[in-house]
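Here the structure is laid out as structure tokens; the discussion comes afterwards.
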Amino acid sequence: MTLSAVIIDDEYLAIDILRDYSRRLEGLVIQEAFTSADGALAYLRQHRVDLLLLDIQMPYIDGFALLEQLAEPPAVVFTTARHDYAVKAFELNVVDYLVKPIAFERFEKAVARAKDYIESGALLQRRKTAGNECLVVKSDARMVKIPFSAIEYIEGLSEYVKIYTTDKSYVTLAALKELITLLPGDAFVRVHKSYIVSMRSVRAFTSQTVLLPGNKTIPVGRVYKELFLKKMGK
């Protein structure tokens, strides 16, 4: 699999380093590089890109604001000199977060993770289109079919998710906001920024918590409470 990528960084030296690293990897092609968010936004609205190598601190428009202006952003690896934005970054379901100076081995690992993320997303989308009664995910280097009926809940873990079933669990590279669109809406509901639950697995609930098999208690987030109570009321 070959990824097309765009670099966005206001430092020319940082762009040169990322270009050099990219040349040393198979399956990664830098389409363009930009030192300003304005130029990058104009390009991204007209061209399909698999991956953004995106700085956070830039003049006028920072990396977070840039992503907010993209209706369907590609996979993102942040490349920044700041350690303190990592939590906010992973809340946006980015693939990876690299702190400058970036070692080549760390960059290589981030690109490999991006390939897995994109391949998993494409597979999930194909399964959605096919209308199958299961999720097919990549877990432990294998493709696994997980029937919807076996899923009890799903937990978000930064760029990964953990899918809990009646007999085991699976970790895969995906985002909760993506998975909820692939699950049947009459059987699953998102109750928290970090959790999706199967309604058939709910043993008891309040406006603040959900009780699942094995006495597992999950919080209900304020943003998701109204929809959750409405679905459970039905």
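The values are calculated or read from the model by the stated rules, or taken from the named source; none is laboratory data. Since this is a predicted model, take the numbers as computed values, not measurements. In this analysis, Cβ positions are derived from the backbone assuming ideal geometry, glycine residues included, and neighbour counts consider all displayed protein chains.
Values for this structure:
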{"quantity": "Selected residue (criterion: farthest from Glu152 (Cα to Cα)) from residues of segment 201-229 that are part of a helix (DSSP H, G or I) and out of contact with any strand residue (DSSP E or B) (no Cβ under 9 Å at 6 or more places or on another chain)", "calculated": "Glu226"}
{"quantity": "Out of Arg19, Arg48, sole residue that is of a type in the set (Lys, Arg) and at pLDDT 95 or above", "calculated": "Arg19"}
{"quantity": "Number of the exception - Gln46 against (1) in contact with a strand residue (DSSP E or B) (Cβ under 8 Å, 6 or more places away or on another chain); (2) of a type outside the set (A, V, I, L, M, F, W, C); (3) surrounded by fewer than 18 Cβ atoms within 10 Å (Cβ to Cβ)", "calculated": "(1)"}
{"quantity": "Residue satisfying all of: in segment 29-43; in a helix (DSSP H, G or I) and buried (at least 18 other Cβ atoms within 10 Å of the Cβ); modelled with the lowest pLDDT among these", "calculated": "Ala37"}
{"quantity": "Selected residue (criterion: farthest from the chain's Cα centre (by Cα)) from residues of segment 75-88 that are crowded, with 16+ Cβ neighbours inside 10 Å and free of Cβ contacts under 8 Å to residues at least 40 places away in the same chain", "calculated": "Thr80"}
{"quantity": "Pick from segment 136-160, criterion at pLDDT below 85 and in contact with a Phe, Trp or Tyr (Cβ under 8 Å, 6 or more places away or on another chain), ranking: nearest to Ala86 (Cα to Cα)", "calculated": "Ser158"}
{"quantity": "Of all residues making up segment 89-113, the number that are outside any loop (DSSP other than H, G, I, E, B) and either surrounded by 13 or more Cβ atoms within 10 Å (Cβ to Cβ) or not assigned by TED's automatic domain parsing to the domain that holds Asp16 (or both)", "calculated": "14"}
{"quantity": "Meets criteria (outside any helix (DSSP H, G or I) and under 17 Å from Leu229 (Cβ atoms)) for Val171", "calculated": "no"}
{"quantity": "Enumeration of residues in segment 49-64 that are surrounded by fewer than 23 Cβ atoms within 10 Å (Cβ to Cβ), within 16 Å of Ile7 (Cα to Cα) and not charged (D, E, K, R)", "calculated": "Val49, Ile56, Gln57, Met58, Pro59, Ile61, Phe64"}
{"quantity": "Scan of segment 7-33 for residues that are farther than 21 Å from Met58 by Cβ and in contact (Cβ under 8 Å) with a residue 40 or more places away in the chain, ordered by number", "calculated": "Arg24, Leu25, Gly27, Leu28"}
{"quantity": "Answer from Ile15, Ile61 - the residue that is among the β-branched types (Val, Ile, Thr), outside the structural domain of Ala174 (by TED's automatic domain parsing), over 25 Å from Ser120 (Cβ atoms) and assigned to a helix (DSSP H, G or I)", "calculated": "Ile15"}
